[in-house]
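J.: Sharing a structure with you now.
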Amino acid sequence: MVTYAEYLDLAACLVVLFALWIRRATWRYRWEQPKTIGLTLMAIGTLLKAPPISWLIDRDVLHDLYLLVAHIFIVSGIAAFAYSAERKLRSDMEIRRWHVKFVVAPWAIGIVTMVSLFATGAWTTLDHPTGLPAYTVAYWVAYDLLVVYFLVLFAYALGYLLYDPPSRCTVGFYLVAVAVGLVGAACRALMVTVDDNVADPALSNIANTTNGLAIMGFALCSAFMWRRQLRALNSRKDDPSQPSVRNIT
């Protein structure tokens with residue numbers, strides 16, 4: 001039987017794949033590659049959690065391992081979006097240092113923590129929503145903190161891009177998706193840390209819904225942005241006097 005969360009994961013996966021198809025030409029443009037890589041990582045992460053893939057790989061030996069791998073891909077995709085936005089604000093030399101300090105290092109610490117907690121014993125109860133042992137609660141909190149960190153990092157860069165008139169419209173939609181994602185992470189963290197039989201189902205539904213909507217929001221915003229840039233690139237070919245569109249988010 002397909003659950004509500006699995007339907008959402010399937011819907012999010014389809015939306016992300018649709019956005020990737022629209023952005024299929026972006027691999028040729030260096031400044032667009034991080035965002036497309038982020039979408040690809042999110043697509044893999046949602047695909048692993050969506051049926052029928054999750055049914056095929058959820059076996060005794062691999063029990064919940066697919067969830068760990070999916071979480072790593074999804075949080076890596078969010079990190080790629082944060083890097084993509086910040087890259088528009090810094091020079092090539094500055095962005096290298098910033099990338100290592102604010103993306104690579106926190107990502108590595110967070111992923112190592114998640115993998116360690118998973119191996120310690122979280123794998124046995126990772127898919128249970130309530131009544132979790134301490135190491136499983138710690139796993140979810142670590143995952144949510146990592147998601148929140150990269151969402152806030154993304155929002156911080158977007159805040160500066162709001163002052164760029166060509167980017168303002170798309171940035172606004174991105175910020176809405178970030179806010180929705182933060183609500184989802186907060187609800188999930190609250191759900192695993194507070195054992196309340198009344199509140200848990202509501203928090204679970206809110207977390208699942210907002211997480212799916214946030215991923216779909218990222219995908220649709222990036223697809224819309226690329227279609228807009230593509231029109232601008234085509235018009236620039238016809239009229240070389242038009243300004244560059246590289247910095248449109």
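J.: Only one of these conditions is not met by residue 94: (1) under 18 Å from residue 182 (Cα atoms); (2) without any contact (Cβ under 8 Å) to a residue 60 or more places away in the chain. Which number is it?
T.: (1)
J.: If you don't mind, another one. Taking region 120-150, which residues are on the phi > 0 side of the Ramachandran plot and free of Cβ contacts under 8 Å to residues at least 60 places away in the same chain? Show your work before the answer.
T.: Of all residues in region 120-150, those on the phi > 0 side of the Ramachandran plot come to 121, 131.
Within region 120-150, just 121 meets the criteria.
J.: Ok, one more. Consider residue 117 carefully, then state whether it is within 30 Å of residue 87 (Cβ to Cβ) and either buried (at least 20 other Cβ atoms within 10 Å of the Cβ) or in contact (Cβ under 8 Å) with a residue 40 or more places away in the chain (or both). Spell out the reasoning first.
T.: Working: within 30 Å of residue 87 (Cβ to Cβ): no; either buried (at least 20 other Cβ atoms within 10 Å of the Cβ) or in contact (Cβ under 8 Å) with a residue 40 or more places away in the chain (or both): yes.
Against the criterion (within 30 Å of residue 87 (Cβ to Cβ) and either buried (at least 20 other Cβ atoms within 10 Å of the Cβ) or in contact (Cβ under 8 Å) with a residue 40 or more places away in the chain (or both)), residue 117 does not qualify.
J.: Working carefully through the options 180, 141, 137, find the one that is among the hydrophobic types (A, V, I, L, M, F, W, C), over 20 Å from residue 73 (Cβ atoms) and not in a loop (DSSP other than H, G, I, E, B). Write out each step before concluding.
T.: On the way: 180 fails: over 20 Å from residue 73 (Cβ atoms); 141 fails: over 20 Å from residue 73 (Cβ atoms).
Result of the check over 180, 141, 137: 137.
J.: I'd like the full set of residues that are modelled with pLDDT under 95 and of a type in the set (Val, Ile, Thr), limited to region 125-177.
T.: Matches in region 125-177: 125, 130, 136, 137, 141, 170, 171.
J.: Right, another one. Does region 14-45 hold any residues that are among the basic types (Lys, Arg), farther than 15 Å from residue 82 by Cα and in contact (Cβ under 8 Å) with a residue 24 or more places away in the chain, and which are they? Working first, answer last.
T.: Of all residues in region 14-45, those among the basic types (Lys, Arg) come to 23-24, 28, 30, 35.
In the following step, the residues that additionally are farther than 15 Å from residue 82 by Cα were identified as 23-24, 28, 30.
Listed by number, the list holds a single entry, 23.
J.: Just name the residue that is surrounded by the most Cβ atoms within 10 Å (Cβ to Cβ) out of those in region 52-109 that are at pLDDT 90 or above and of a type in the set (Asp, Glu).
T.: The residue in question is 86.
J.: Just one of (1) surrounded by fewer than 17 Cβ atoms within 10 Å (Cβ to Cβ); (2) free of Cβ contacts under 8 Å to residues at least 60 places away in the same chain trips up residue 11, so point out which.
T.: Single failed check for residue 11: (2).
J.: Every residue in region 145-164 that is hydroxyl-bearing (Ser, Thr, Tyr) and part of a helix (DSSP H, G or I), please. Give the steps one after another, and end with the answer.
T.: As a first pass, look at region 145-164 and keep what is hydroxyl-bearing (Ser, Thr, Tyr): 149, 156, 160, 163.
Listed by number, the residues that qualify are 149, 156, 160.
J.: Could you say whether any residue in region 229-248 is under 21 Å from residue 157 (Cβ atoms), at pLDDT below 90 and of a type in the set (Ser, Thr, Tyr)?
T.: The answer is yes, given that some residue of region 229-248 is under 21 Å from residue 157 (Cβ atoms), at pLDDT below 90 and of a type in the set (Ser, Thr, Tyr).
The values are calculated or read from the model by the stated rules, or taken from the named source; none is laboratory data. Keep in mind that this is a model prediction, so the values were computed, not measured. A quick note on method: Cβ atoms are made from the backbone with ideal geometry, for glycine too, and the neighbour counts reach across all protein chains shown.
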